[in-house]
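The values are calculated or read from the model by the stated rules, or taken from the named source; none is laboratory data. It should be emphasised that the depicted structure is a prediction, and the values quoted were computed from it without experimental measurement. All Cβ positions, glycine included, derive from the backbone under ideal geometry; neighbour counts span all protein chains shown. Remember, those area values only see protein heavy atoms, side chains included, never the ligands or the DNA or RNA. Shrake-Rupley method; radii C 1.70, N 1.55, O 1.52, S 1.80 Å.
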Amino acid sequence: MIFFTLQKTYFKPFLLGIVICFATLAKAQEKYPQDAFRSPMDIPLILAGTFGELRSNHFHSGIDIKTQQREGLPIYAIGDGSVTRIKISHWGYGKALYVAHPNGYTSVYGHLQKFSPEIEAYIKKVQYEKKSYQVEVFPDLGEVKVEKGKVIAYGGNTGGSSGPHLHFEIRSSITEKPTNPLLYGLDVRDATNPILEKIFVYPLSKGAIVNQSDEKSEINFSLQTDGSFLADKVYATGSIGIGFKGFDRQDLAANRNGVYSVHLTANGKTYTDYDFETFSFGETRYINTLVDYEHYGTYRERLHQCFKAAGNKLNIYNTLYNEGRIAIEEGMTYSVVLTLKDIAGNETKAIIPVEGKREALKKQAAIEKTDDYLVAKRNNNYNLGGAKVYFPANTFYEDFYIDLEKGTDTVRIHNSKVPAHRNFTITFDVTKYSKEDRKKLFIARLNRKGAPSHVSTFKRGNTFTTRTRYLGTYTLAKDTIPPTIRAKNFKENEWLDNYSYLSIEIADDLSGVKTYNAKLNGAWILMEYEPKKNTLTYNFDDKILNKKECDLEVVVTDNVGNKTTFKSTFNRK
Ligand SMILES: [Zn+2]
């Protein structure tokens, strides 16, 4: 199928580009087995996400396969293998399965609704032993075997998923590096070119000017008859870099997915070339140096920067000349070409003419200076009145003027336009609060709308401490209201013979649900918690009830220890 879509592109005029693209892709594919694996699903593969797509603090490590807005579609083992990991979590991949294959690759299936009956029985035993819905187990090789093409699970929407889909990965079993699943011969229809939305030119060196500005400039561009884009001429001096906003779209859905590769040349010389064949989990957070984070913090849109910004330790580059920075000399002209490709070989090209010309600055960018200039490679401590903040060395990628607002119970630590690579510590002094008050207090971060959300709060002596990677406003908040618990699909004293499950709604208004436990006739039962739906679900298949009259007890606590107990009685033959 990939070959079919490539043939289509031969009709385009960029013959040389296509030959190069074909060669690069063929080279990438050569490394991966083409016939070893089948598709994890029997439906046409329509993607809601591609490999390497720009997400919050990480590159997407798999593909997201749309499941027709439904849960419960069968998921198949892509090859013979052995289950090496089963993880069930409220967040992340929800219910997830990892299968190691003899050829050295591990397939990963996430957001599952449930597993096949054998795997379901295996994991339920663990859950009942540990009395916990959230579990993670690593079965020995050969303990839980699967066969190519046999159902291993059913598609769902568990964990950090905002609609039914399968998150699917193929990793190297040895290095655990995720690889692009579309390099293994999976059939995804794609004859649609990547879409380029915005182009920016950045002045990078000291004194560099782009279009009379020392800040990045957005450049207009328009479609040419040959299918490429031509940008307005840029006048610049000094070192410049290119940034863009773009995405890729496959044929059968409108989803805005990530591009596969980015290529930048100036007068024929390659400055930047990177693709999403593979990356490592250890480097994924450096995504915050690939995207223009200040732009993201301001406009919530992620731009690719085609140059290496401060602190960037990514290994995704095939070529990086002069860190992707193009030195523009007065009197010279440059043809800068930006090419985006998808994995099927469709490409979008933009030509950006640049003329080296020294022009006067129209307006100098105002540097927001504050009293505190933070040097990134040092440890930094600040006293904010009611709280102290400590940034270990190299929390940040570069030095900057940090903006701090002191306060008693509320302090502001800069803003969300600067990324932190590692955790820093905020410590509140709670001396003035009574023991009783302290029990109900916690540290909260205020979101963009000013609403507080609980962050892990370590209480010791007269201090509350949290560790976080997010700059912003933090406050002490008080939660005195216990969680709520409500039966959703049954009533007191009802006969529930035809029910296959019990559904209960739990919620907490401020600090959030911390623990939940349920007992049926005195014995612990498994309740599956879905935080995004506020529901606990008990499956009647789990336990044979030996009594007609059943007593249910559900206890929920919030993050400061407020507790609610719910009791109900129902009947079942
Ligand atoms: Zn995903």
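All but one of (1) within 18 Å of the chain's Cα centre (by Cα); (2) touching a residue at least 60 places away in the same chain (Cβ under 8 Å) hold for Tyr76; which doesn't?
(1) is the only condition that Tyr76 fails.
Report, by residue number, each residue of the range 334-349 that is surrounded by fewer than 22 Cβ atoms within 10 Å (Cβ to Cβ) and aliphatic (A, V, I, L, M).
Selection gives Val337 alone.
Can you tell me which residues in the range 123-152 are more than 25 Å from the chain's Cα centre (by Cα), assigned to a loop (DSSP other than H, G, I, E, B) and not hydroxyl-bearing (Ser, Thr, Tyr)?
Lys131, Pro139, Asp140, Leu141, Gly142, Glu143, Val144, Glu147, Lys148, Gly149, Lys150
Quick one: how many residues across the range 261-315 are in a loop (DSSP other than H, G, I, E, B) and in contact with a helix residue (DSSP H, G or I) (Cβ under 8 Å, 6 or more places away or on another chain)?
Step one: filter the range 261-315 for residues in a loop (DSSP other than H, G, I, E, B), giving 267-268, 276-277, 279-283, 292, 300-303, 306-315.
Checking the rest, the ones that are also in contact with a helix residue (DSSP H, G or I) (Cβ under 8 Å, 6 or more places away or on another chain) come to 277, 301-303, 306-314.
The qualifying residues number 13.
Search the range 541-569 for residues being over 36 Å from the mean Cα position of the chain (by Cα) and under 10 Å from Leu520 (Cβ atoms), and hand back the single one that is surrounded by the most Cβ atoms within 10 Å (Cβ to Cβ).
Leu552
For Tyr93, all conditions in the list (1) within 12 Å of the ligand (Cβ to nearest atom); (2) over 30 Å from Phe540 (Cα atoms); (3) part of a loop (DSSP other than H, G, I, E, B); (4) out of contact with any Asp or Glu (no Cβ under 8 Å at 6 or more places or on another chain) hold save one; what is the number of the exception?
Going through (1) within 12 Å of the ligand (Cβ to nearest atom); (2) over 30 Å from Phe540 (Cα atoms); (3) part of a loop (DSSP other than H, G, I, E, B); (4) out of contact with any Asp or Glu (no Cβ under 8 Å at 6 or more places or on another chain) one by one, Tyr93 breaks only (2).
What are the residue pairs meeting all of these: first residue in the range 399-426, first residue within 15 Å of Asn288 (Cα to Cα), second residue among the small types (Gly, Ala, Ser) and open to solvent by less than 30 Å² (accessible area, probe 1.4 Å), Cβ atoms under 6 Å, and 6 or more apart or on different chains?
Between residues of the range 399-426 that are within 15 Å of Asn288 (Cα to Cα) and residues that are among the small types (Gly, Ala, Ser) and open to solvent by less than 30 Å² (accessible area, probe 1.4 Å), the close pairs are Ser416/Gly297; Ser416/Gly472; Lys417/Gly297.
Identify, by number, the condition in (1) at pLDDT 95 or above; (2) exposed (fewer than 15 other Cβ atoms within 10 Å of the Cβ); (3) not aliphatic (A, V, I, L, M) that Thr537 doesn't meet.
If we test Thr537 against (1) at pLDDT 95 or above; (2) exposed (fewer than 15 other Cβ atoms within 10 Å of the Cβ); (3) not aliphatic (A, V, I, L, M), just (2) comes out false.
For the range 153-195, name all the residues that are more than 16 Å from the ligand (Cβ to nearest atom) and not in a loop (DSSP other than H, G, I, E, B). Quick ask: steps written out before the conclusion?
Filtering the range 153-195 for residues more than 16 Å from the ligand (Cβ to nearest atom) gives 154, 172-177, 183-185, 187, 189-195.
Correct list: Tyr154, Ser172, Leu183, Tyr184, Ile195.
Restricting to the range 500-509, name every residue that is farther than 14 Å from Thr564 by Cβ and not in a strand (DSSP E or B). It would help to see each step written out before you state the result.
The initial filter retains those residues of the range 500-509 that are farther than 14 Å from Thr564 by Cβ, namely 500-503.
Passing the criteria: only Ser500.
Could you check the range 101-117 and list, in sequence order, the residues that are more than 15 Å from the ligand (Cβ to nearest atom), of a type outside the set (Lys, Arg) and surrounded by fewer than 23 Cβ atoms within 10 Å (Cβ to Cβ)? Quick ask: steps written out before the conclusion?
Going residue by residue through the range 101-117, those that are more than 15 Å from the ligand (Cβ to nearest atom) are 101-106, 113-117.
Restricting the remaining residues to those that are of a type outside the set (Lys, Arg) gives 101-106, 113, 115-117.
Matches in the range 101-117: His101, Pro102, Asn103, Gly104, Thr106, Gln113, Ser116, Pro117.
Hey, any hits in the range 230-248 for a residue that's without any contact (Cβ under 8 Å) to a residue 60 or more places away in the chain and either of a type in the set (S, T, N, Q) or touching a His at 6+ places or on another chain (Cβ under 9 Å) (or both)?
Within the range 230-248, one or more residues are without any contact (Cβ under 8 Å) to a residue 60 or more places away in the chain and either of a type in the set (S, T, N, Q) or touching a His at 6+ places or on another chain (Cβ under 9 Å) (or both).
With respect to the numbered conditions (1) in contact (Cβ under 8 Å) with a residue 60 or more places away in the chain; (2) exposed (fewer than 15 other Cβ atoms within 10 Å of the Cβ); (3) more than 27 Å from Glu355 (Cβ to Cβ), which one is the sole condition not fulfilled by Phe279?
For Phe279, the failing item is (2).
Name the strands (runs of 3 or more DSSP E) wholly within the range 319-424 that hold at least 1 residues that are farther than 30 Å from Ala191 by Cα and touching a His at 6+ places or on another chain (Cβ under 6 Å)? Walk me through how you get there before you give the answer.
Working: elements: 326-328, 333-341, 347-356, 372-374, 380-383, 387-391, 400-402, 410-413.
It comes to 400-402.
Just to be sure, is Tyr98 in contact with a His (Cβ under 8 Å, 6 or more places away or on another chain), within 16 Å of the ligand (Cβ to nearest atom) and open to solvent by 10 Å² or more (accessible area, probe 1.4 Å)? Talk me through it step by step, then tell me what you get.
Working: in contact with a His (Cβ under 8 Å, 6 or more places away or on another chain): no; within 16 Å of the ligand (Cβ to nearest atom): yes; open to solvent by 10 Å² or more (accessible area, probe 1.4 Å): yes.
Considered against the rule, which asks whether it is in contact with a His (Cβ under 8 Å, 6 or more places away or on another chain), within 16 Å of the ligand (Cβ to nearest atom) and open to solvent by 10 Å² or more (accessible area, probe 1.4 Å), Tyr98 comes out as no.
Take the residues in the range 224-237 that are open to solvent by less than 20 Å² (accessible area, probe 1.4 Å) and not in a loop (DSSP other than H, G, I, E, B), then tell me which one is farthest from Pro44 (Cα to Cα).
Here is the first cut: in the range 224-237, the residues open to solvent by less than 20 Å² (accessible area, probe 1.4 Å) are 228, 231, 234, 236-237.
So of that shortlist, the ones also not in a loop (DSSP other than H, G, I, E, B) come out as 231, 234, 236-237.
Details: Ala231: 38, Val234: 44, Ala236: 48, Thr237: 50 Å.
In this case the residue turns out to be Thr237.
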